Amino acid sequence: MVPDSTHEQLMDQWLKEYAASQQQKRAAASAIQDAIAARLDDDGLNYHAIDYRVKDHQSLEQKLRRLNPDGSLKYPDGLQAIDDVIGIRVITFLQLDVERAMRALRNSFEVIAHVDKTAEQREKGEFGYSGQHLVLRVNDAAPNGCRNFTGERFEVQFRTILQHAWAEFEHDIRYKSAGPVPPEVNRAFTLASGLIELADNQFSTISNVVAAEKANLEESTKLLPVGLTGEALERILEQALPKNPRSRVEQYEWLRELLETHGITTVAQASDLIGSADWDAIARRIQYKFAPGHVRAADDLLLLTFGEDHIEKTQGLGHDRNRLGKLNHRLRRLRETGRAGSPA
């Protein structure tokens, strides 16, 4: 058992250390959020939101004060044992997008731990919060935007938008409750959780059916307007790459801007370019870790087609501050054949 005086001395030391590092933690959290958003956008993955928070002083103190049943400190190493001082939340529309986002971040940061809340619930035969958690560390191979914070650990929660709504409401009710939550409320939350799991599954089914239907519409592009739009590009790419994940809606409009810089402004021009692409050859050269989103794949096609001209004309488009370096790296891979190496 830790003596009270020793316990308090440790607490004072840890909290002083944390107070001195909070500004750096906030800067790290913001940089990590930006890097994650850039990675998911770069891969063309669809998501609703990416949020971050840095644990406040009171919350951290409460966690550090937790004791084991024998009275010993639950976190005897202090801050070194707390993985969620920096917390990131990735909210997607579909469960499949959760899995894709997790793969993307596993390949971008060092993985310390993975907690599958969904599996835990199923093992217990219960319904409840069913998100996925990754504990990650910024390492030397992390995205450029956050390498100044090498060594920082952070936890990422992945939820669908339905899981997020359930978890936020459930937390709000329990947090504001003046006493124990009535049994009928717990039962209602359990029933709602089961319905949300069912709805998530149905949304995935709907998405797959719609994608398959669009892929089978061979004449669909004839119904599109002559002038190129983001919606038209989405339909063209769904037909050309039916097995690749759809990108965020705004990303297709961004792709239209990229094409416009090369004088491609009509549906016919875009259809010809995309329809003539050797997607398998591009994939072999880039060595994707998994199937890229529509917009990322099209960006690589433009890079292969126009080379340095594409870099010069588009390096400043979009919000990715590291786009120039990424384009140069990807162009080198596209121009090197038969090269073995790590995926891009």
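The values are calculated or read from the model by the stated rules, or taken from the named source; none is laboratory data. Since the model is a prediction, treat every value here as computed from it, not as a measurement. All Cβ positions, glycine included, derive from the backbone under ideal geometry; neighbour counts span all protein chains shown.
Could you pull out the residue among LEU237, LEU228, LEU241 that is in contact with a strand residue (DSSP E or B) (Cβ under 7 Å, 6 or more places away or on another chain), at pLDDT 80 or above and within 30 Å of SER271 (Cα to Cα)?
The conditions single out LEU228.
Given (1) closer than 24 Å to ARG235 by Cβ; (2) of a type in the set (Lys, Arg); (3) surrounded by fewer than 15 Cβ atoms within 10 Å (Cβ to Cβ), identify the lone condition not met by ARG321.
(1)
Just one of ALA142, ALA167 is surrounded by 19 or more Cβ atoms within 10 Å (Cβ to Cβ), at pLDDT below 90, touching a Phe, Trp or Tyr at 6+ places or on another chain (Cβ under 6 Å) and not in a helix (DSSP H, G or I); which is it?
ALA142
Which condition breaks for ALA291 when tested against (1) loosely packed, with under 14 Cβ neighbours inside 10 Å; (2) of a type outside the set (D, E, K, R); (3) more than 19 Å from GLN315 (Cα to Cα)?
Only one criterion is unmet by ALA291, namely (1).
Taking the residues in the range 266-288 that are of a type in the set (Asp, Glu) and part of a helix (DSSP H, G or I) as candidates, determine which candidate is surrounded by the fewest Cβ atoms within 10 Å (Cβ to Cβ).
ASP280
Does PRO183 satisfy the criteria of being farther than 28 Å from GLN95 by Cα, loosely packed, with under 11 Cβ neighbours inside 10 Å and either in contact with a Leu (Cβ under 7 Å, 6 or more places away or on another chain) or at pLDDT 70 or above (or both)?
yes
Could you tell me which of the residues LEU15, LEU45 is more than 25 Å from LEU105 (Cβ to Cβ) and either in contact (Cβ under 8 Å) with a residue 24 or more places away in the chain or among the charged types (D, E, K, R) (or both)?
Selected residue: LEU15, the only one of LEU15, LEU45 that is more than 25 Å from LEU105 (Cβ to Cβ) and either in contact (Cβ under 8 Å) with a residue 24 or more places away in the chain or among the charged types (D, E, K, R) (or both).
Can you tell me which residue within the range 44-56, out of those that are more than 19 Å from VAL138 (Cα to Cα) and more than 10 Å from the chain's Cα centre (by Cα), is surrounded by the most Cβ atoms within 10 Å (Cβ to Cβ)?
GLY44
Go through the range 178-210 residue by residue and tally those that are without any contact (Cβ under 8 Å) to a residue 24 or more places away in the chain and within 20 Å of LEU96 (Cβ to Cβ).
8
Got a sec? Which helices (runs of 4 or more DSSP H) wholly within the range 1-116 have at least 3 residues that are farther than 26 Å from GLU168 by Cβ?
Counting at least 3 such residues, we get 4-42.
Any residue in the range 196-217 that is part of a loop (DSSP other than H, G, I, E, B) and at pLDDT below 85?
Yes: the range 196-217 contains one or more residues that are part of a loop (DSSP other than H, G, I, E, B) and at pLDDT below 85.
Does THR261 count as closer than 22 Å to GLY318 by Cα and touching a strand residue (DSSP E or B) at 6+ places or on another chain (Cβ under 7 Å)?
no
Does ALA298 satisfy the criteria of being under 30 Å from THR92 (Cβ atoms), assigned to a helix (DSSP H, G or I) and outside the structural domain of ASN107 (by TED's automatic domain parsing)?
yes
How many residues are over 22 Å from TYR47 (Cβ atoms) and in contact (Cβ under 8 Å) with a residue 40 or more places away in the chain when one looks only at the range 77-93?
4
Looking at GLY263 and the list (1) surrounded by fewer than 16 Cβ atoms within 10 Å (Cβ to Cβ); (2) among the small types (Gly, Ala, Ser); (3) in contact (Cβ under 8 Å) with a residue 12 or more places away in the chain; (4) assigned to a loop (DSSP other than H, G, I, E, B), which single condition is not satisfied?
(3)
Identify all residues within the range 18-42 that are surrounded by 12 or more Cβ atoms within 10 Å (Cβ to Cβ), more than 30 Å from GLU99 (Cα to Cα) and free of Cβ contacts under 8 Å to residues at least 60 places away in the same chain; write none if there are none.
SER21, GLN22
Does ARG296 satisfy the condition of being within 30 Å of ARG106 (Cβ to Cβ), under 20 Å from the mean Cα position of the chain (by Cα), modelled with pLDDT of 90 or more and buried (at least 20 other Cβ atoms within 10 Å of the Cβ)?
So ARG296 passes the test.
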